[in-house]
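The values are calculated or read from the model by the stated rules, or taken from the named source; none is laboratory data. The structure presented is a predicted model; accordingly, all values stated were derived computationally and were not measured. So basically every Cβ, Gly included, is an ideal-geometry build from the backbone, and we count neighbours across all protein chains shown. Surface accessibility is based on the protein's heavy atoms, side chains included, excluding ligands, DNA and RNA. Shrake-Rupley method; radii C 1.70, N 1.55, O 1.52, S 1.80 Å.
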Amino acid sequence: MKADQELPFHASSRSKIKQYLTIALYNDLKTLRTPSGYTLDQAITSGIENPDSSIGIYAGDMESYDCFAPVLLPIIEDYHRLNPGWSHKPGLQEAVLPDLDPEQTFIRSSRIRVARNLCGFPFSGNMNPDQRLALEKRVKHLFKNLSEKLSGTYTSFTDLDEKQFNALLEKGLAFRKGDRFMASAGINRDYPLGRGIFISRDNVVRIWVNEEDHLRIIAQSQGGDLAYVFNRLIQIVRALEDKLDFAFDPKKGFLTACPTNIGTAMRAGVHIHLKQLEKKRSLLEAITRAYHLQIRGTDGEKTAVEKAVFDISNARRLDISANTIVKDLHKGLQAIIQAERNL
Ligand code: DAR
């Protein structure tokens, strides 16, 4: 884009990138390239093409966080609501927490995921087909050599016909091509090439390969036993970090394609049936705010709530430890279940 014209964000856009990328800043950054050749224009394409973006910028590699720091840092400090002196809080320790809902009256399922990206590869929106296949090959080899306790199977989506893929999808054991925000960011390019999923023998652990990030490591189970799910996640993450170098910065934590996920890169949540609180949405929102939780629709981000089943998860990922996130979630869900019972 030329120096003096307005940046082409849509008039209706309220994205963080539109808010923080001034013309002056754009002119300072527009000619910079990261070592993989990633540019600011590539980084903001999604926010330009999707006026309803909340953030509107994606990193193309770990170096993007330094190269475009003048615009990324204000966005990170705003989105993550960080206080001065903020910094990633490391550590993943086994948790001991009572099952939130042993009778499974409210909580349908618990799910905790972390995003991880491998050093030495560009991030998902900035990969060519060979790099995606090389990353998949690297992690496939690792999955094959996991201990007996952690073992499972890896399936490459390109090895499946449509019927087999849809069967996995229906069981929640595959992932579709990303949304239009990810499409604009290049994350969906060449899909399903290099994409696939690792599933542990008991189905509790799944690892998505080459989705929005290189790895989305997920543990999930029916019911509200958060500690069980968290501890299963810790086991597989520890096994992987023994063998892989993850994109990491001591202050920003684990680096991800979207700046909303950096830090612990963890989203811990439940699907919970709140028949009464659905009719008292302001009360539910007050409780989730108090415990730094966020409400999503039944099928996750930017989806509707179906049959009063809410996706409730942590809002904070950075400047807070993974264990504190899980403890806060546990406390917040206890308060929500109490409020639901009272109604
Ligand atoms: N949809 C993009 C990213 C928002 C955060 N969610 C992610 N990373 N899945 C936006 O700018 O709204």
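Take the Cα of Gln222, step 7 Å along the line toward its Cβ, and report every residue of region 293-313 whose backbone nitrogen sits under 11 Å from that point. So the set is empty, nothing qualifies. Note on region 213-273: with neighbouring protein chains present and a 1.4 Å probe, carbon and sulfur make up 45 percent of its accessible heavy-atom surface.
Once the 1.4 Å probe is applied to the protein heavy atoms, the chain comes out at 45 Å² accessible per residue.
Cross-link reach is defined here as a Cα-Cα straight distance under 18 Å, omitting same-chain residues fewer than 8 places apart; for Lys171 the lysines meeting it are Lys163.
Just report the Cα centroid separation between region 239-280 and region 120-175, whole Å. Going from one Cα centre to the other spans 20 Å. Calculate one ³J(HN,Hα) per residue across region 47-58 by plugging θ = phi - 60° into the Karplus curve 6.51 cos²θ - 1.76 cosθ + 1.60, and present them in order as whole Hz with x for glycine and proline. Using θ = phi - 60°, the values come out as x, 7, 7, 10, x, 8, 4, 8, 10, x, 9, 10 Hz.
Taking label points 7 Å from Cα along the Cα-to-Cβ direction, Glu49 and Thr31 give a separation of 2.7 nm. The Cα atoms of the chain cover 62, 47, 41 Å along the three principal axes, with the biggest extent listed first. Of Val270, Val209, Val309, the residue with the greatest mean-square motion in the GNM of the chain, using alpha carbon springs below 10 Å, is Val309. Mean projected area of the Cα convex hull of region 90-218, taken over all directions, amounts to 10.2 nm². The HN-Hα couplings worked out from phi for region 258-263 by the Karplus form 6.51 cos²θ - 1.76 cosθ + 1.60 (θ = phi - 60°) are 9, x, 6, 9, 5, x Hz, whole numbers, x standing for Gly and Pro.
If you run the Gaussian network model on the chain, springs between alpha carbon atoms under 10 Å, then out of Leu277, Leu160, Leu293 the most flexible one is Leu160. Taking Gly125, Gly152, Gly47 in turn, the Gaussian network model of the chain (Cα-Cα springs below 10 Å) assigns the largest fluctuation to Gly152. Rg over Rh for region 140-297 works out to 0.98, using Cα positions for both radii and the Kirkwood form for Rh. Between Gln338 and Glu306, the FRET efficiency estimated from the beta carbon spacing at R0 = 22 angstrom works out to 0.35. A straight Cα-to-Cα reach below 21 Å connects Lys275 with the lysines Lys302, Lys307, Lys331, residues fewer than 8 places away in its own chain not being considered.
For Lys89, the lysines whose Cα falls under 18 Å of its own Cα, not counting residues fewer than eight places away in the same chain, are Lys251, Lys252, Lys327. Expressed per residue, the C-alpha convex hull volume of region 274-343 stands at 79 Å³. Could you work out how far apart the two model spin labels at Asp179 and Asp202 are, taking each label as a point 7 Å from the Cα in the direction of the beta carbon, and quote it in nm? Placing both labels 7 Å beyond Cα along the Cβ direction yields 3.3 nm.
Helical content of the chain, expressed as a calculated mean residue ellipticity at 222 nm, amounts to -10000 deg cm²/dmol (DSSP H runs of 4 or more residues, -39,500 (n - 2.57) each, divided by residue number, nearest 500). Across the chain, the longest piece that holds none of the GluC sites (Glu not before Pro) lying in DSSP loops with up to 11 other C-beta atoms within 10 Å covers 104-343. Over region 34-109, the alpha carbon radius of gyration divided by the compact-protein estimate 2.2 N^0.38 Å works out to 1.65.
Mean separation of Cα pairs under 8 Å and 6 or more residues apart, divided by the residue count, gives region 227-307 a relative contact order of 11 percent. Here the contact order of the chain, divided by its residue count and restricted to Cα pairs under 8 Å and six or more residues apart, works out to 21 percent. Size check on region 234-326: the Cα extents along the three principal axes, sorted descending, read 47, 23, 22 Å.
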